[in-house]
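None of the figures in this text is laboratory data; all of them are computed from the coordinates on show. Bear in mind the structure is a predicted one, so any value in this text is a computation, not a measurement. Don't worry about glycine lacking a Cβ; one is built from the backbone with ideal geometry, like all the others, and counts go over all protein chains shown.
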Amino acid sequence: MARYIAKNIVAAELADHCEVQLSYGIGVAEPTSFYIKTHGTGKKDDETLTKIAKDIFPLRPGEIVAHLDLRKPRYRKTAAYGHFGRELDEFTWEKTDMVDNLLEKV
């Protein structure tokens, strides 16, 4: 989910670089920590982007699974050449389909 959020923020041209920090605790559905850092490249400050992303993106584990359609096995396609940086329809975490939602909130 962190990669998906970062890719969408960069695709929306809200930052040139984006780092997303997510942490979870056992038995806690909401992230115990969520923060966006743009290393000074953000069009908005990091706190504003963090709040916007928190409002738009699903961050609870069950919501992430549903949003990225992770119940569908993709093991063969990820076994060779990895599962990041490849623009296949099955790799939902690589999509930049939340750009419009981000821009509406800004």
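Got a sec? Charge dipole of the chain, +1 on Cβ for Lys and Arg, -1 for Asp and Glu; which of MET98, THR50, ALA66 is way out at the positive end? Selected residue: ALA66. Charged side chains reduced to their Cβ positions (Lys and Arg at +1, Asp and Glu at -1) give the chain a dipole of some 420 debye around its Cα centre.
Structure remark: mean-square fluctuation, Gaussian network model of the chain, C-alpha springs under 10 Å; the largest value among ILE52, ILE36, ILE26 belongs to ILE26. Exposure proxy ranking for GLU94, GLU63, GLU104, based on other Cβ atoms within 10 angstrom of each Cβ and starting from the fewest, stands as GLU104, GLU63, GLU94.
For the chain, the number of Lys pairs separated by eight or more positions or lying on different chains, with C-alpha atoms closer than 25 Å, is 27. Karplus-derived 3J(HN,Hα) values for the range 96-106, using 6.51 cos²θ - 1.76 cosθ + 1.60 with θ = phi - 60°, are 10, 8, 10, 4, 4, 4, 5, 5, 5, 6, 6 Hz; glycine and proline are entered as x.
Taking K and R as +1 and D and E as -1, what net charge do the other residues with C-beta under 11 Å from the C-beta of LYS51 add up to? So the environment of LYS51 carries a net charge of -1.
Can you tell which of VAL65, VAL28, VAL20 shows the greatest fluctuation in a Gaussian network model of the chain with Cα springs below 10 Å? Greatest mean-square fluctuation among the candidates belongs to VAL28.
Sequence gap at least 6, Cα distance under 8 Å: using those rules, report the relative contact order of the chain to the nearest whole percent. Computed over the chain, the figure is 31 percent. Charge tally around LYS95: other residues with Cβ under 12 Å, Lys/Arg +1 each, Asp/Glu -1 each, net -3. Taking Cα atoms only, the orientation of helix 2-11 departs from the longest principal axis of the chain by about 60 degrees.
Counting Lys and Arg as +1 and Asp and Glu as -1 over every other residue whose Cβ lies under 14 Å from the Cβ of ALA11, the net charge comes to -2. Of GLY25, GLY40, GLY62, the residue with the greatest mean-square motion in the GNM of the chain, using alpha carbon springs below 10 Å, is GLY25.
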